[in-house]
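Asker: This is the structure I have questions about; it appears just below.
Nothing in this text is a laboratory measurement; each read-out follows from the coordinates by a stated rule. What you are looking at is a predicted structure, and each value in this text was computed from that prediction instead of being measured. Positions of Cβ are generated from backbone atoms using ideal geometry, with glycine treated the same way; all protein chains shown enter the neighbour counts.
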Amino acid sequence: MPIAGRITGAALAAAAVVTIAACQGQSVAANQVSPAPSTSAAAKALASPNATPGSGTAAHPAAPATTPAATPAATRSKAADRLVACSAANSKVTVNTISRPINHLALTVTNTGSKLCAVYSAPALRFDEDQAATQVVQDSVPQSVVMLEPGQSAYAGIRISSADGSGGHGRTARNLEVHFADRSGNGSTGTPAHLALPKGTYIDDSAAVTYWQSDLQDAIKW
């Protein structure tokens, strides 16, 4: 082959190598370039804290939590509000002599009405024209207020005089007035009962009455 021909062939071969290298460089460069971060709506939606994974769209915002209604202040029960105090208007009251213990009377109140009633605290007693109520045996406080269904009874024991005769201002009493305490125990309520005492009832300054009790034996042991 002539020298000129060989030079031309070599030049063409070199040019082909350069062209191929350039093409390969462009291909490698294209494969190594990372794509730009997506700014599409789907990408933004997935970035949202409320998005559902894999949905590609934004999730609906959560419904606001319902605020619970405020708890009303504690009030007395309706049953307590309907409870009435026993009195001579809705009950029968009797007083009787008992043999033991001596110098005692038994006071009984029976609910004759159609509703539940309560006998609060102790009865307030007045013998004849006494200005002050008879003293109360404080040790006789029951565990709870005595409540009476229609037909049920409660009891209070009355010590009318000292067993050893040490009480002063002894006298014979004929009448007894019974007042009923209100719920607070600090006043009277309803209609009082007016009773005739057993004949020959002798009282002195030691006279005392117990709190109302649900059992007669509890009432007369003081």
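Asker: From a point 7 Å beyond the Cα of Thr97 in the direction of its Cβ, which residues of the range 151-166 have a backbone N at a distance under 17 Å?
Answerer: From the range 151-166, the list is 158-163.
Asker: Next question. Which order do the peptides 155-166, 99-110 take when ranked by the mean count of other beta-carbon atoms within 10 Å per residue, highest first?
Answerer: 155-166, 99-110
Asker: Straight distance only, please: which aspartates and glutamates reach the Cα of Lys199 with their own Cα at less than 15 Å, same-chain residues fewer than 8 apart left out?
Answerer: Filter leaves Asp128.
Asker: Okay, next question. Quick check: residue separation of Asn186 and Asp205 times 0.36 nm, minus the Cα distance between them. What number comes out in nm?
Answerer: 4.6 nm
Asker: Stretch Ala89-Leu116 to full length: gain in nm at 0.36 nm per residue minus the Cα-Cα span?
Answerer: Length gained between Ala89 and Leu116: 8.4 nm.
Asker: Could you sort the peptides 132-141, 88-97 by per-residue average Cβ neighbour count (10 Å cutoff), highest mean leading?
Answerer: Put in order of decreasing packing, that is 88-97, 132-141.
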